[in-house]
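What follows is a short report on a single structure.
The values are calculated or read from the model by the stated rules, or taken from the named source; none is laboratory data. These numbers come from a predicted model, not from an experiment. Virtual Cβ from ideal backbone geometry, glycine too; neighbours counted across all protein chains shown. Surface accessibility is based on the protein's heavy atoms, side chains included, excluding ligands, DNA and RNA. Shrake-Rupley method; radii C 1.70, N 1.55, O 1.52, S 1.80 Å.
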Amino acid sequence: MQTAIKTMLFLFVLMLAAQVEAATPKSKWVSLDADSKNRLMKIVRSEVQNRDGFSTLGEDRLNTSLVEAEKQKEMSAYKASISASNSEFMRTKKRRDDLMTQYQTASYDFEELRKSHDTIQASITNIDNQIARYQHDIKAQRDSLTTWLKTEKQGEAIVAVIYTRGFKDSAHELESQADQSSAPLMAQHMGTYIQSFTKVIDNVLTEDFIRAIEEGTAEWNREEPLRIVLNKGTSGTTYLRIKRYELYPFQAPKADKSAKKRASGPQKQVSVITSKADLDAFLGRNGYKKDNVNLSRAETMIRETTLANRQSVEGLREQLISYRERINYLEKKTDTAQTDKDFQVPRLNRKKEQLEKSHTELEVLRLKKDSAVMAFQGAQRSLYDKKRIHESIVVKSSLVTTKRSQTPAEACAEAVIEELEEVLNDARLQHSTSTTDVANYQVVDESSAQAVTEAKIIAVRLLSFINEGDSVRVKMAFRVRTVLDEKPDEEAAEELSAAAQAPQPVALPPKSRTSIQKDPAIVTPVPSTAPQMSGTGIALAEMFEFLFQLNKVKASGNEITFIVLATNNADYAQNFVVYDESVGYTLSTMVDLSGDVQTVDQVYMWQGSVKTHSSEAYRGIKIEPGQSVTVELTFRDISPNITTVPEFNLYPFIATRSFLGMYSWNSDYVPFTNIRIK
């Protein structure tokens, strides 16, 4: 019973409160198409004149509470939106930094793998060159041996011929006939001579050097033949002619064997004489006794020829063995080189597979990195946009003493006009204190003060109009839109678009970069003259605790050179490097007047008078706190008529080294826009 009574009383109180609230007039927001003082004064007068009388305290409390609730709701929604955008910004920034680090590590591993692949490839190329050189030397040795065999005398031979000189025969004709009769027998003898050498030197002579039995050349050595009279009679005088020939068995015959031979006259007895016994047997076969013939000169010739042949055989054997040893040595070197190549080829194939796999992984990481960069830029842009424009509610209360010539409405309007500048300042203060993550147009995760360049009242609301005797207290709410903008909107939009479209070159393996040097632990630069620096510079930018001052831009022919001073603002040492096309990492870029993106061709870094090329500073140059390095970047093949560079993007790599020796790398584009070339 008591519970039911309490419930009925509670419902009655609620109904009474609702009726009181319904009876209390509520104010509404009035939008402004312009925040001029005249327009605002008319609205205030209109609002006051539309009232039947002064406001009550209940009306004041109600309208004020409604506006405060609306203000808190909007502020909570704004902070929640900023918090969500901040979280997204930090998440995308962390992912971008992680992927950048992974990409740099993968790029370094890829370069190391590619250098290893190139080393093996170069080793195989060197081996192929060695094999080709050995084979060329073997061919040269064989050609030299062939030439030597053809040009060197390989012994001598004695041919004995018995012929009869009749009444009508001339000595010259008989000598010619004797030579013709000796030719077939000499050819057969040289063929046997060649075959005998293959047996003597264990088949050193190959088929390339052994010709047919009937080939070879026998030349008369211009020694006068021996003519020994064997018989004299009515038919003529019978002679034993002994003639010595020099043998060139490996030389092609000078006469054509297929040509028609001249008449050789009567059949003559011919024999090759190699010893005294051969001569005695030849005479005996033809019916002559050796005792009746003086053969002392013939015996001397036979002894000389035998000695010469023995020396020729020994010389030929030594020469052939010498050639064979040289050829065998070259063949062994060829076999060794081929064995090394057979070992290197599988290694090269494995390296190729690893290189292709690494390239695929690097490309996947590059795509992920580019996607993360785009996502980061989107989150950055979203956060900037949300923090750039803000609407806030400012409540102002003024106590106005009414003049004799004024109505309370006119007095209230004048009081409101006097408070406008203070309202705008309050709105600026609210915005600047709530947007601490925007610095130099770039949204970062560090606090920094901001400047509001635009503040505009877009709506007003009359909360109360309370009579206090000779004075009137007026309370109004203003909705103010403020804009944070350190740069013109159009320029900022262009820079955001350019940053979103900035290229990300990646090192690919179409060709070997021979100019990439070994990673030096300590850079050994070359002393030279550093570029002259101006005091003020053209533009400034800050990133990764480095201050970048674009100090000078100069054009010479088809080249443009940018001089940038980079100062380490951190309280610890950092490694710094900017790469050019000799190293396959992301490069600095510039946009020419036609909108084409050009990558840097050559980069030098200066510390005092010490000049270092980017390929010599693979792990960067160590910069102590407060110290600077001057970067000289040269772009080639640029139009000589260019006077303004729309955009120049410096891409530094900055690293800190832990006590364990590990490097933590950071890199990003540092943009400079609308640069005039002086």
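Carbon and sulfur atoms: what percent of the 1.4 Å accessible area of the stretch 553-671 do they account for? If you can, show how the numbers build up before the last one.
On the way: 2040 of 4600 Å².
The nonpolar share, carbon plus sulfur, comes to 44 percent.
Would you mind classifying the stretch 357-405 by shape? Square roots of the alpha carbon gyration tensor eigenvalues, ordered a ≥ b ≥ c; an a/c under 1.5 is rounded, otherwise it is prolate if a/b is larger than b/c and oblate if not. In terms of gyration-tensor shape, prolate.
Give me the 1.4 Å probe accessible area per residue for the stretch 624-672, excluding ligands and nucleic acids, in Å².
Numbers: 2190 Å² over 49 residues.
With all protein chains present, the stretch 624-672 gives 45 Å² per residue.
The solvent-accessible area of PHE648, taken with every protein chain present and a 1.4 Å probe, is close to 0 Å². Label separation (ARG350 vs THR656): 4.0 nm, computed from points 7 Å beyond Cα along the C-beta direction.
Electrostatic tally near MET605: other residues with Cβ closer than 10 Å to its Cβ, Lys and Arg +1, Asp and Glu -1, net -1. Quick one: of LYS94/LYS387; LYS93/LYS357; LYS79/LYS396; LYS139/LYS351; LYS369/LYS622; LYS93/LYS554, which pairs are farther than 30 Å apart, Cα to Cα? Going by Cα-Cα distance, LYS139/LYS351; LYS93/LYS554 fall outside the 30 Å limit. Each part reduced to its alpha carbon centroid, the stretch 362-378 and the stretch 468-482 end up 53 Å apart.
Farthest towards the positive end of the charge dipole of the stretch 264-402, among the residues TYR323, LEU399, PHE343, is the Cα of LEU399, using unit charges on the Cβ of Lys, Arg, Asp and Glu.
Suppose every K and R has +1 on its Cβ and every D and E has -1 on its Cβ; what is the size of the dipole of the stretch 593-678 about the Cα centre, in Debye to the nearest 20?
Values: 7 positive and 8 negative charges, 53 e Å.
Around 260 debye, computed over the stretch 593-678.
What order do LEU185, LEU226 take when sorted by accessible area (1.4 Å probe), most exposed first? Write down the numbers at each step before the final one.
Numbers: LEU185 55, LEU226 15 Å².
From most accessible down to least: LEU185, LEU226.
Sorted largest first by accessible area at a 1.4 angstrom probe radius, with every protein chain in place, the residues LYS351, LYS168, LYS139 fall in the order LYS168, LYS139, LYS351. For ARG481, the solvent-accessible surface with a 1.4 Å probe is about 100 Å², rounded to the nearest 10. Taken about its Cα centre, the stretch 143-191 carries a charge dipole of about 100 debye when Lys and Arg each add +1 at the Cβ and Asp and Glu each add -1 at the Cβ.
Largest first, how would ARG303, ARG619 line up by accessible area (1.4 Å probe)?
Numbers: ARG303 145, ARG619 75 Å².
In descending accessible area the options line up as ARG303, ARG619.
What does the highest-first list of 74-84, 601-611 look like by mean Cβ count within 10 Å? It would help to have the intermediate numbers written out before the result.
On the way: 74-84: 13.0, 601-611: 18.2.
Descending packing order for the listed peptides: 601-611, 74-84.
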